[in-house]
Amino acid sequence: MCLIRRKRKNRLSEKGRLIVSASFLLISVASTLLMLKYYRIYQNEQKVQQELDKFFQEQQEIKNEEPEEKDVLQTETVDEKVENTNINDYILVLDIPNLNLMRGVYSKDSKENDVNKNVKILKESDLPDKINGNVILVAHSGTSNISYFKNLHKLVTNDIAYIHYAGKVYTYKLVNTYDIEKTGEAPIIRNSSKNTLTLITCRRNTNLQTVFIFEIVEDEKYE
């Protein structure tokens, strides 16, 4: 009888050790996966900062290359230089200081111009220098590491956003915010006689999207 009880205890002890070992293994795997996740986020943020540094350096170079007077020998305009930028480089940067948001935007043809990777410029969007044009940018809200527009709901009327493009800083102020149903189409209500910036993101836990309309205040060259 004592031998049977001892065997049962040994089996129970062995089972307990297996459970403890399995638990430690699961914790170790989960910790490793979590560390890898944050390391990838860190690497991505480092890449973003490098791209931003490169962008602003190029913006300064564009500004410095602009002649004070037209040069008859100049054959390439600033706009052409922007269009000829490497497809994997930023073409503009969105900057909203109140939200501590600064993100680069790739050209419409770039594979990086993807809402699941970055702030996306829509194919219907104009660039900031088009007269009475509308820059349209979209990004996710939510809690993931690609939710670049997660704090847009904190914006209030007259808040400022900047776009850095082609050696200039374009300053916009928020004039209107409204919700629309998520249908794949986004009706944009704006003053078509002004240059505008439109930001679009989903409203969390709803079937709605929020549209933020900004109007141009000024544009100025880099100093």
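Considering only residues that are closer than 19 Å to residue 170 by Cβ and crowded, with 16+ Cβ neighbours inside 10 Å, which ones fall in the range 130-147? Spell out the reasoning first.
From the range 130-147, those closer than 19 Å to residue 170 by Cβ are 130-139; that's our starting set.
Scanning the range 130-147 gives 133, 134, 135, 136, 137, 138, 139.
Residues checked against (1) among the aromatic types (Phe, Trp, Tyr); (2) farther than 21 Å from residue 182 by Cβ; (3) under 16 Å from the mean Cα position of the chain (by Cα):
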| site | (1), (2), (3) |
| --- | --- |
| 123 | no, no, no |
| 131 | no, yes, no |
| 135 | no, yes, yes |
| 143 | no, no, yes |
| 151 | no, no, yes |
| 157 | no, yes, no |
| 163 | no, yes, yes |
Practice problem: For residue 112, work out the one condition from (1) outside any strand (DSSP E or B); (2) over 12 Å from the mean Cα position of the chain (by Cα) it doesn't fulfil. | Solution: (2)
Quiz prompt | Restricting the range 206-223 to residues that are under 20 Å from the mean Cα position of the chain (by Cα) and touching a residue at least 40 places away in the same chain (Cβ under 8 Å), the residue that is surrounded by the most Cβ atoms within 10 Å (Cβ to Cβ) | solution = 214
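Table: residues versus (1) touching a Ser or Thr at 6+ places or on another chain (Cβ under 9 Å); (2) part of a loop (DSSP other than H, G, I, E, B); (3) of a type in the set (Ser, Thr, Tyr).
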{"residue": "146", "(1), (2), (3)": "no, yes, no"}
{"residue": "169", "(1), (2), (3)": "no, no, no"}
{"residue": "174", "(1), (2), (3)": "yes, no, no"}
{"residue": "183", "(1), (2), (3)": "no, yes, yes"}
{"residue": "189", "(1), (2), (3)": "no, yes, no"}
{"residue": "212", "(1), (2), (3)": "yes, no, no"}
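Run down 119, 156 and say which single residue is among the hydrophobic types (A, V, I, L, M, F, W, C) and either modelled with pLDDT under 95 or crowded, with 19+ Cβ neighbours inside 10 Å (or both).
Working: 156 fails: either modelled with pLDDT under 95 or crowded, with 19+ Cβ neighbours inside 10 Å (or both).
Every option except 119 fails the conditions.
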Quiz item: Mind checking which pairs have a first residue in the range 186-205 that is closer than 15 Å to residue 127 by Cα and a second that is among the charged types (D, E, K, R) and assigned to a loop (DSSP other than H, G, I, E, B), Cβ under 6 Å, 6 or more apart or different chains?
Solution: 196/190
Quiz item: Can you tell me which residues in the range 159-183 are more than 17 Å from residue 93 (Cα to Cα), among the aliphatic types (A, V, I, L, M) and modelled with pLDDT of 95 or more?
Solution: 174, 175
Quiz item: With (1) under 20 Å from residue 51 (Cβ atoms); (2) in a strand (DSSP E or B) as the list, and residue 197 as the residue in question, which single condition is left unmet?
Solution: (1)
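The values are calculated or read from the model by the stated rules, or taken from the named source; none is laboratory data. The structure presented is a predicted model; accordingly, all values stated were derived computationally and were not measured. No Cβ is skipped: glycine too gets one built from the backbone with ideal geometry, and neighbour counts run over all protein chains shown.
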